[in-house]
Ligand code: PRP
């Protein structure tokens, strides 16, 4: 049988994820000196580094058994997997934000919202019964209202400095975000013992 494969999200969550495995006591030497390699051995496991959306795709399809990914990507991409553990790091939140001192809800004109997370934005306004035009933007979403493309944005806010430094403010908080462990549904059945052991280790390590 192949080693249990863990998909890690590259970038912001990567360092904290490696620290978590070190806290468990795993030898992470290969992960720390990875060069350009994408599959790294760690103890009896294989670790894969991928973009957040791809972590979900690999876990959903069973190419990886476990993944560490932000709740933001989970909320956007759906749930064809089990979400097993909140790791408590990578904390931020989804918020609706717009230009300072402008009432987003005033008036009856068509409203346009830009977001890297169109599904999250759509659901948020559906719950409010509001018909909003949503435009997908790939990054630096804060630009959209500044350039007159949108009235507001739905985006991740961590420290709030990007909003502040661009004359924007939070209109409404939408959802708290943190790193989560997701598990492939078939793996959870077929390799339950190994996966539960690993989840238990991770769960102890995050509490320290
Ligand atoms: C995220 C997010 C905001 C910023 C928020 O962008 O989209 O732009 O971080 O952080 P802050 O509240 O601490 O200022 P990221 O840096 O991931 O890049 P992106 O905009 O290109 O997606």
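Quick note: the coordinates plus some simple rules give every number you see, no bench work behind them. What you see is a predicted model, and the numbers here were worked out from it, not measured in a lab. Cβ sites come from the backbone with ideal geometry, for glycine too, and all protein chains shown count toward neighbours.
Observations
- Computing FRET efficiency as 1/(1 + (r/R0)^6) for residue 199 and residue 38, where r is the C-beta to C-beta distance and R0 is 35 Å, gives about 0.90.
- The gain in end-to-end length when the residue 30 to residue 15 segment is fully stretched comes to 4.0 nm, 0.36 nm per residue minus the alpha carbon separation.
- The long axis of helix 192-207 is offset from the longest Cα principal axis of the chain by roughly 60 degrees.
- Stretchable slack from residue 123 to residue 208, in nm (0.36 nm times residue separation minus alpha-carbon distance): 27.0 nm
- Cα-based helix-to-principal-axis angle, 14-24 vs the chain, degrees rounded to 10: 40
- Per residue, the chain reaches -9000 deg cm²/dmol at 222 nm when only DSSP H runs of four or more residues are counted, each adding -39500 (n - 2.57).
- Angle in degrees between helix 118-127 and the longest Cα principal axis of the chain, rounded to the nearest 10: 60
- Exposure proxy for 105, 117: other Cβ atoms within 10 Å of each Cβ, ordered fewest to most, give 105, 117.
- Spread of Cα-to-Cα distances over 5 Å intervals beginning at zero, given as percent, for the range 92-176: 3, 16, 30, 30, 16, 5, 0
- Paramagnetic label zone (point 7 Å from Cα along Cα-to-C-beta, residue 178; backbone N under 14 Å) in the range 70-101: 70-72, 84-93
- Shape call, the chain: gyration tensor on alpha carbons, a/c limit 1.5: prolate
- Under 18 Å from the residue 101 label point (7 Å along Cα→beta-carbon), backbone N, the range 167-184: 167-171
- Listed from fewest to most Cβ neighbours within 10 Å, the set 54, 65, 86 follows the order 86, 54, 65.
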